[in-house]
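The values are calculated or read from the model by the stated rules, or taken from the named source; none is laboratory data. Remember, predicted model here, so these are calculated numbers, not experimental data. Here Cβ is always computed from backbone atoms with ideal geometry, including for glycine, and neighbour counts include all displayed protein chains. Heavy atoms of the whole protein, side chains included, go into the accessibility calculation; ligands, DNA and RNA do not. Shrake-Rupley method; radii C 1.70, N 1.55, O 1.52, S 1.80 Å.
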Amino acid sequence: MMIQRAAMAALLLGVSAYAVSAEVMAPTTPPDAPKFDAQGEPVFVNRADVAEFKALPSYNEPAWVKAFVDAGKLPPVAERLPKEPMVYKTANMPDGNGVYGDVMRHVIGGRPEGWNFWAGQSYGWGGIDIALVECLTRTGPLFQINAADLTPMPNLAKSWEWSEDGKTLTVHLVEGAKWSDGAPFTTADTEFYFNDVVMDENVTPLMGASAATYADGVYANVDDFTFTLTFPTAFPESVLYNMAYGNFCPGPSHVLKPQHPKYGGKDYDSFQKAFPADYMNFPVMGGWTVVEHRPDDVVVLRRNPYYWKVDEAGNQLPYLDEMQYRLSTWGDRDVQAVAGTGDFSNLEQAENYVEALKKAADPASPAKLAFGPRTIGYTLYPNLSGNGWGEPSAEGQAIRELNRSLDFRKAISYGMDRQRLGDSLVKGPFTVPYPGGLYAGTSYYDKDSTVFYPYDAASAKASLEAAGLTDSDGDGFVNVAGGANLNVTLLTQSDYTTDKNLAEGVVAMMGEIGLKVTLSALTGKDFDNARDAGKYDWIIIRNGTELITVVQNTTALAPTGPSVDVNHRANGTGELDLLDHEKAMVDIVNKFIGSRDAAERSDLMKQYQKVYTENLDGIGLTAYPGALIVNKRFANIPAGAPIFMYNWAEDNIIRERVFVPADKQIGAELHPNTLPGEPGSKGPVSVE
Ligand code: GLA
Ligand code: CA
């Protein structure tokens with residue numbers, strides 16, 4: 001099959017030895033970014049300054065929750081909490097211990113597909129999943145942790161230790177924590193996640209965790225609250241980062257397991273669909289539980305009465321009784337946040353910056369807007385699988401072969417006027433031409449290791465020719481040898497104006513160098529499915545955390561496993577046909593994961609950056625800063641919280657300790673004085 005495809009591709013391309021006539025200019029280093037200071041520096045602390053696990057003499061809850069206890073409908077708060085709950089320290093709270101009540105009104109562009117996150121269902125993003133699932137470790141708040149103490153924060157895993165040889169990691173779960181329906185949280189849940197979600201080839205969790213994500217560790221339970229992972233290599237510390245959102249966030253095995261085919265469930269498809277979006281009160285470990293879903297209108301979450309975190313005064317968290325998610329568009333999130341009808345936005349679509357800045361500058365503005373570092377970046381990824389991933393047609397396969405040629409990738413980069421592309425989104429000191437790879441301004445970035453093929457139309461055309469492409473029929477577009485114009489399909493996510501604008505810019509610029517590109521714009525889950533199934537020639541991606549932090553989601557920096565890399569995955573038989581530069585990247589990333597020596601790690605990332613950018617593993621487009629917009633009535637929003645770093649701001653700001661002072665509460669709860677009902681029952685319940 002593979003041979004046939006390659007032969008067909010060669011035919012289509014009419015590969016021949018072209019004499020390269022025109023000169024290709026030499027690469028440079030990237031231009032420096034315009035100065036743009038982040039507004040608000042984090043207060044740097046150690047992890048232990050944020051929280052600890054300990055028993056307190058007594059605990060409190062909202063009076064209306066106590067009424068459920070008094071009515072015999074809920075055990076007393078002390079019995080609902082773990083033996084040693086997580087205690088957030090007052091000194092680390094920007095505004096101190098909070099008060100109960102009020103709601104955070106989010107607006108999102110996604111839609112919940114269903115609640116089986118572990119079988120790949122999306123909740124609609126914008127922080128719904130971050131509010132519902134909790135993970136063994138936590139990394140969002142690391143933006144404020146001192147460099148010397150930089151390692152994931154404990155969460156459902158309250159502690160862990162490595163064996164002397166570094167090959168066994170022992171993890172201790174918080175003892176006696178409960179799911180939002182009161183069922184115990186134990187290693188039955190972590191075991192189910194590991195063995196029946198990650199290790200079951202028929203189940204693809206939303207964030208795509210696989211054996212490689214956990215360094216090929218083997219899972220074993222020790223007791224109800226302790227498990228071990230045993231690895232073939234020593235000290236794969238990246239595993240601790242991959243225990244944070246959105247991977248090792250176990251699901252409720254007491255409701256998931258009976259639906260899993262291995263334990264009597266009908267089949268994998270039924271397992272995935274067992275908890276559709278109209279299934280209410282799905283058990284969670286997060287601070288809030290979904291109690292209402294009106295399609296295309298709103299999702300409402302109410303406080304989880306079993307939440308396992310408290311403040312130093314013993315107040316059970318969260319402080320906010322309700323979370324709302326208006327189902328609208330991402331652009332509307334910005335508009336509503338600055339207008340004060342919504343409470344929160346990650347201002348990340350550069351087209352909205354000028355208007356949002358203008359509105360927020362008004363002292364009477366209901367919302368506070370604060371820019372952070374330049375961590376929003378977009379890359380064009382050519383599909384580098386030549387192995388049949390995504391089952392391309394013969395034409396598609398021919399494009400894969402071109403994608404695998406460095407001359408062709410150089411043509412794309414030389415053809416990309418990144419300055420113009422950035423300016424088309426927003427003028428001013430925001431965007432910077434981005435060569436690809438690690439972002440300028442981040443800790444592992446090294447400018448001198450960054451190779452930049454800048455905009456130069458003549459070099460782009462010469463590179464196309466070097467890749468064997470000429471305009472044989474003289475209509476201005478290069479042809480497939482002896483045939484029609486080459487036509488590359490560019491996949492983009494159409495829920496975001498920015499993604500679409502960038503894609504349209506790419507189509508226009510490629511047209512200018514004689515390369516015909518056609519846009520395929522898909523929404524939400526259709527885009528995700530096409531991306532993950534490899535059904536594209538080129539794709540535009542808003543990049544993940546690994547290119548910012550390196551330590552979070554490290555395995556995704558290269559095709560380190562069959563399905564971890566965005567633009568190169570294995571075919572049906574598990575085969576990866578890595579290019580030489582990809583092999584080098586895999587090697588560097590694996591060495592990085594295996595190294596505990598800071599100097600060596602920094603050197604390895606210089607090598608990574610060189611190999612990535614010199615070979616154009618992806619073609620960077622533009623990078624710019626995002627701004628966090630939060631309504632001014634909220635307290636405990638940490639200074640300098642970036643909208644995106646180790647995770648999104650919805651995690652970074654630690655929403656379970658965010659509160660609204662009593663005199664500022666707006667009375668906007670949709671289901672006041674109610675708690676989540678039984679899993680699968682209709683909705684929230686009140687005390688009567
Ligand atoms: C979407 C949004 C981001 C952020 C994340 C959270 O991707 O675009 O701003 O809210 O969801 O998962
Ligand atoms: Ca032509």
>> One residue is enough: does segment 104-117 have a residue meeting the conditions over 19 Å from the mean Cα position of the chain (by Cα) and not in a loop (DSSP other than H, G, I, E, B)?
In response: yes
>> Checking the conditions here, which among 325, 378, 319 is outside any helix (DSSP H, G or I), under 23 Å from residue 35 (Cβ atoms) and open to solvent by less than 10 Å² (accessible area, probe 1.4 Å)?
In response: 378
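Restricting to segment 614-637, give me the number of residues that are under 15 Å from residue 340 (Cβ atoms) and either hydroxyl-bearing (Ser, Thr, Tyr) or assigned to a loop (DSSP other than H, G, I, E, B) (or both).
Let us first name the residues in segment 614-637 that are under 15 Å from residue 340 (Cβ atoms), namely 629-634.
From the residues that got through so far, the ones that are either hydroxyl-bearing (Ser, Thr, Tyr) or assigned to a loop (DSSP other than H, G, I, E, B) (or both) too are 632-634.
Counting residues in segment 614-637 that are under 15 Å from residue 340 (Cβ atoms) and either hydroxyl-bearing (Ser, Thr, Tyr) or assigned to a loop (DSSP other than H, G, I, E, B) (or both) gives 3.
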>> Residues that are within 16 Å of ligand 2 (Cβ to nearest atom) and closer than 28 Å to residue 463 by Cα: does segment 487-500 have at least one?
In response: yes
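Just to be sure before I move on: is residue 191 within 30 Å of residue 677 (Cβ to Cβ), assigned to a helix (DSSP H, G or I) and open to solvent by 20 Å² or more (accessible area, probe 1.4 Å) in the structure I sent?
Working: within 30 Å of residue 677 (Cβ to Cβ): yes; assigned to a helix (DSSP H, G or I): yes; open to solvent by 20 Å² or more (accessible area, probe 1.4 Å): yes.
Against the criterion (within 30 Å of residue 677 (Cβ to Cβ), assigned to a helix (DSSP H, G or I) and open to solvent by 20 Å² or more (accessible area, probe 1.4 Å)), residue 191 qualifies.
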> For segment 672-688, which residues satisfy the criterion of being surrounded by fewer than 17 Cβ atoms within 10 Å (Cβ to Cβ), closer than 24 Å to residue 255 by Cα and either in contact (Cβ under 8 Å) with a residue 24 or more places away in the chain or in contact with a helix residue (DSSP H, G or I) (Cβ under 6 Å, 6 or more places away or on another chain) (or both)?
Replying inline: 678, 680, 681, 682, 683
> When you go through (1) more than 16 Å from ligand 1 (Cβ to nearest atom); (2) surrounded by 19 or more Cβ atoms within 10 Å (Cβ to Cβ); (3) among the hydroxyl-bearing types (Ser, Thr, Tyr) one by one for residue 518, which number turns out not to apply?
Replying inline: (2)
> What residue, among those in segment 641-681 that are among the charged types (D, E, K, R), more than 15 Å from ligand 1 (Cβ to nearest atom) and under 18 Å from residue 318 (Cβ atoms), is farthest from the chain's Cα centre (by Cα)?
Replying inline: 664
>> On the basis of being buried (at least 21 other Cβ atoms within 10 Å of the Cβ), within 16 Å of ligand 1 (Cβ to nearest atom), farther than 13 Å from residue 515 by Cα and in contact (Cβ under 8 Å) with a residue 60 or more places away in the chain, does residue 492 make the cut?
In response: no
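Restricting attention to segment 120-145, which residues are assigned to a loop (DSSP other than H, G, I, E, B) and either within 16 Å of ligand 1 (Cβ to nearest atom) or touching a Lys or Arg at 6+ places or on another chain (Cβ under 9 Å) (or both)? Give the steps one after another, and end with the answer.
Just the residues of segment 120-145 that are assigned to a loop (DSSP other than H, G, I, E, B), to begin with: 120-127, 133-136, 139.
120, 121, 122, 123, 124, 125, 126, 127, 133, 134, 135, 139 - these are the residues of segment 120-145 that are assigned to a loop (DSSP other than H, G, I, E, B) and either within 16 Å of ligand 1 (Cβ to nearest atom) or touching a Lys or Arg at 6+ places or on another chain (Cβ under 9 Å) (or both).
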> Which of the residues spanning segment 243-272 are farther than 26 Å from residue 80 by Cβ, assigned to a helix (DSSP H, G or I) and open to solvent by less than 10 Å² (accessible area, probe 1.4 Å)?
Replying inline: 271
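To keep it simple, each residue is scored yes or no on (1) at pLDDT 95 or above; (2) crowded, with 21+ Cβ neighbours inside 10 Å; (3) at positive phi; (4) in contact with an Asp or Glu (Cβ under 7 Å, 6 or more places away or on another chain).
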| site | (1), (2), (3), (4) |
| --- | --- |
| 184 | yes, no, no, no |
| 207 | no, no, no, no |
| 213 | no, yes, no, no |
| 241 | yes, yes, no, no |
| 274 | yes, no, no, no |
>> Please determine whether any residue of segment 602-612 is in a loop (DSSP other than H, G, I, E, B), surrounded by fewer than 24 Cβ atoms within 10 Å (Cβ to Cβ) and β-branched (Val, Ile, Thr).
In response: no
